[in-house]
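Reviewing the structure listed below.
Every number here is computed from the coordinates shown, using simple stated rules; none is lab data. These figures come from a predicted structure and were not determined experimentally. Backbone-built Cβ (ideal geometry, glycine too); neighbour counts: all protein chains shown.
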Amino acid sequence: MAASVREAMLARRSSPKVTEVAPDDAEIVALLDVAGRVADHAALRPWRVIALRGEARNRLGDALAAAAGLDGEHGARLAAKPLRAPLLLAIVASTTSHFKVPAWEQESVAAGVAHQLSLLLDDAGWGVMWRSGPHTRHPLVAEMHGLVDGELLLGWLYVGGLPDGARADRGPEVGAASRFSSLR
């Protein structure tokens, strides 16, 4: 593991191409024990993660193609997208009505867990990329994941092994100074 959070964040890379090896459920749960420590107003734990492996990825592809209204070659191309990684981790915001914590804040907690999980997976040597798309919140896609009222899919972490030579240099600097302001 990296020597510091800062170093892990600086080293993180999205991995659009991965190999067919993936962490097992026990490793994912251990990483979630850490990722789940995000700031969480009222300790609601408004998130869950669903691992999709094997045939579940095909069912997701079918749901995406159906949600898009595509069949034939275009439908097959969309349906194949979940097969780009051996493991997809569906990130779910599980919101509840709470007098102090609005739904948007609960969704932010779930997104925070996803981001920290992606950092932890990267730091552990796995290739990971957060993907979503126009059909992420379609009812057919929600049904495929078994979501219930109050749950929203935030996307998937595509996870697998890192191919040889996968760690390229980082792109240009973020330019944080242009995105920062200070009020007095």
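Between the DSSP loop rule and a limit of at most 12 other Cβ atoms within 10 Å, which chymotrypsin sites (Phe, Trp or Tyr not before Pro) in segment 113-184 are left?
Phe180
Along segment 56-68, what does the Karplus equation 6.51 cos²θ - 1.76 cosθ + 1.60 (θ = phi - 60°) give for ³J(HN,Hα), rounded to whole Hz, x for Gly and Pro?
4, 5, 5, 5, 5, x, 4, 5, 5, 5, 5, 4, 7
Which whole-Hz couplings ³J(HN,Hα) result when phi for each residue of segment 33-45 is put into the Karplus expression 6.51 cos²θ - 1.76 cosθ + 1.60, θ = phi - 60°, listed in order with x for Gly and Pro?
4, 8, 4, x, 8, 4, 4, 8, 3, 6, 6, 6, 6
Only loop residues by DSSP count here, and only those with at most 15 other Cβ atoms within 10 Å; note down the trypsin sites (Lys or Arg not before Pro) in segment 24-115 that meet that.
Listed in order of number, the matching sites are Arg37, Arg53, Lys100.
If exposed GluC sites (Glu not before Pro) are those in a DSSP loop with at most 12 other Cβ within 10 Å, what is the longest stretch of the chain that has none?
Between exposed loop sites, the widest span is 21-172.
In whole Hz, with x marking every Gly and Pro, tabulate ³J(HN,Hα) for segment 91-107 from phi via Karplus 6.51 cos²θ - 1.76 cosθ + 1.60, θ = phi - 60°.
9, 10, 8, 10, 8, 10, 6, 9, 5, 10, 10, x, 4, 4, 6, 5, 4
Of the residues Leu52, Leu153, Leu78, which exhibits the maximal mean-square fluctuation in a Gaussian network model of the chain defined by a 10 Å Cα contact cut-off?
Result for the chain, Cα springs under 10 Å: Leu78 fluctuates most.
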